[in-house]
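Below: the structure, in structure tokens.
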Amino acid sequence: MWRRGWRHVFPLAALLIILFSGYTPYMSAFVGICVAALFGFTSWRRPVTLLLNAGFIAFVVSKGLDGSFSLPLALFLVAAAIVAAWRNDEPQSLGQLADALALGAKYSVVVGVAAAVVGITVGVINTTGVGFRVGFMVTTGAAQMAESLHAVLPIAIADMQLFLSLVLIAICCILMGAGLPTTALYILLATVAQPTLSQLGVPPIASHMFVFYYGIIAELTPPVCTTAFAAAAIAQSPPFRTGIEAFKLGIGKIVVPMVFCYAPSLLLVTDGFTWRSLVQDGGTCALGVIVMSAALSRYLFVELRWWQSLPVFLAGLLLTVPGNASDIAGLVLILPMGGYLLIQKNRRNASTCVS
């Protein structure tokens, strides 16, 4: 597959390079679509299609001459246009290109209508100040609960307030995200919930991923678990029971957005980013999600009993929490348990072979 389709990496590379070079998303989308069209519909075998390559190269050269595109970027895009034309197989017809553009326009209209409807809601929220009010209520309520719990738990009030605020905002995101399409969901949550996280000092990319992630989790959360209901229709299974199972399998991923806020290095955030934190936090978080999923599915090497699932789930939760102490505690808990379960599996296999 890579040997035949390596050329199709160019459109994605062009899209990402322009986007992360500081250009607008509109320019990134335009260039990405152009490069994708060149690789799908042009070839030296059909000289008339080379007019598209020539037009794109002229566009890139003009942008390079007026300083809009840097020299390395312009050279990359020109090289992409040349590589697109150099193919041995037959390209798709220009009629199919017109059909693709028409289909893209239809999908964009659907997204635009959803964004427009949500825009009305966002405008009402900004005008009435509901978004600020929600943030004020969350931070104030979390502060009061943190002060009450500080007398019982030896945890700093600021740390406890941040954690409780994240929990309350996550609940709000799940409730508001129930049944909404993805685009409308993100626009709404970015307006209402994300500013509250910014007030708590969470980096912007981590706060946006936090609200978006929990909004998507609403698709798995009963009773409004539309994704699970769609899967139940395909599998011809009971819808609500399918939703419960989907929630159980996905509950291990609920803690991941929390990790984004406490360890933003997982999102490659520039401030405070180190490769050590990325490897450690990312590795332990991935291992923790796997271990929690194993506990919830009641299977780790062998089928787990309920009392065996509890320490396995706790170990996964500790591994997911960023920090050396929690990682060590999780490993101390899961390694003996995993070794015990592996020994049980080997014994069962040996007894099966003997019998």
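Data for the structure
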quantity	calculated
Single residue of region 134-157 satisfying the filter (more than 26 Å from the chain's Cα centre (by Cα) and under 22 Å from residue 209 (Cα atoms)) that is surrounded by the most Cβ atoms within 10 Å (Cβ to Cβ)	142
Per-region count, region 326-355, residues within 24 Å of residue 315 (Cα to Cα) and outside any helix (DSSP H, G or I)	0
Check on residue 189, within 17 Å of residue 135 (Cα to Cα), of a type in the set (A, V, I, L, M), in contact with a helix residue (DSSP H, G or I) (Cβ under 8 Å, 6 or more places away or on another chain) and surrounded by fewer than 20 Cβ atoms within 10 Å (Cβ to Cβ)	no
Residues of region 89-117 classified as surrounded by fewer than 13 Cβ atoms within 10 Å (Cβ to Cβ) and closer than 21 Å to residue 42 by Cα, total	11
Lone qualifier among 267, 287, 310 - being surrounded by 14 or more Cβ atoms within 10 Å (Cβ to Cβ) and either of a type outside the set (A, V, I, L, M) or more than 22 Å from residue 159 (Cβ to Cβ) (or both)	287
Residue pairs meeting the criteria (Cβ under 7 Å; at least 6 apart or on separate chains; first surrounded by fewer than 13 Cβ atoms within 10 Å (Cβ to Cβ), in region 19-37; second part of a helix (DSSP H, G or I))	25/19
Residue check for residue 210: part of a helix (DSSP H, G or I) and among the aromatic types (Phe, Trp, Tyr)	yes
Scope region 229-267; condition in contact with a Pro (Cβ under 7 Å, 6 or more places away or on another chain) and either in contact (Cβ under 8 Å) with a residue 60 or more places away in the chain or assigned to a helix (DSSP H, G or I) (or both); matching residues	229, 232, 240, 243, 244, 247, 259, 262, 264
Those residues of region 309-329 which are among the aliphatic types (A, V, I, L, M) and either touching a Ser or Thr at 6+ places or on another chain (Cβ under 7 Å) or more than 18 Å from residue 295 (Cβ to Cβ) (or both), in sequence order	318, 319, 325, 328
Candidates 318, 304, filtered to the one that is surrounded by 18 or more Cβ atoms within 10 Å (Cβ to Cβ), aliphatic (A, V, I, L, M), under 31 Å from the mean Cα position of the chain (by Cα) and within 23 Å of residue 256 (Cα to Cα)	318
Of the criteria (1) surrounded by 14 or more Cβ atoms within 10 Å (Cβ to Cβ); (2) within 25 Å of residue 216 (Cβ to Cβ); (3) of a type in the set (Gly, Ala, Ser), which one residue 201 fails	(1)
Residues of region 298-313 satisfying the condition of being closer than 18 Å to residue 247 by Cα, in contact with a helix residue (DSSP H, G or I) (Cβ under 7 Å, 6 or more places away or on another chain) and of a type outside the set (Phe, Trp, Tyr)	298, 309
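Rundown of residues vs (1) modelled with pLDDT of 80 or more; (2) under 30 Å from residue 48 (Cα atoms), yes/no style:
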{"site": "96", "(1), (2)": "yes, yes"}
{"site": "102", "(1), (2)": "yes, yes"}
{"site": "109", "(1), (2)": "yes, no"}
{"site": "112", "(1), (2)": "no, no"}
{"site": "117", "(1), (2)": "no, no"}
{"site": "153", "(1), (2)": "no, no"}
{"site": "172", "(1), (2)": "yes, no"}
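One line per residue, one yes/no per condition, for (1) acidic (Asp, Glu); (2) more than 14 Å from residue 255 (Cα to Cα):
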| residue | (1), (2) |
| --- | --- |
| 275 | no, yes |
| 282 | no, no |
| 303 | yes, yes |
| 329 | no, yes |
| 344 | no, yes |
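So that you can scan it fast, the table gives a plain yes or no per residue for (1) assigned to a helix (DSSP H, G or I); (2) under 25 Å from residue 4 (Cα atoms); (3) free of Cβ contacts under 8 Å to residues at least 40 places away in the same chain; (4) touching a helix residue (DSSP H, G or I) at 6+ places or on another chain (Cβ under 8 Å):
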residue: 61; (1), (2), (3), (4): yes, no, yes, yes
residue: 95; (1), (2), (3), (4): yes, yes, yes, no
residue: 108; (1), (2), (3), (4): yes, no, yes, no
residue: 112; (1), (2), (3), (4): yes, no, yes, no
residue: 127; (1), (2), (3), (4): yes, no, yes, no
residue: 134; (1), (2), (3), (4): yes, no, no, yes
residue: 137; (1), (2), (3), (4): yes, no, yes, no
residue: 147; (1), (2), (3), (4): yes, no, yes, yes
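The values are calculated or read from the model by the stated rules, or taken from the named source; none is laboratory data. Just so it is clear, the structure is predicted and the values come from calculations on it, not from any experiment. Positions of Cβ are generated from backbone atoms using ideal geometry, with glycine treated the same way; all protein chains shown enter the neighbour counts.
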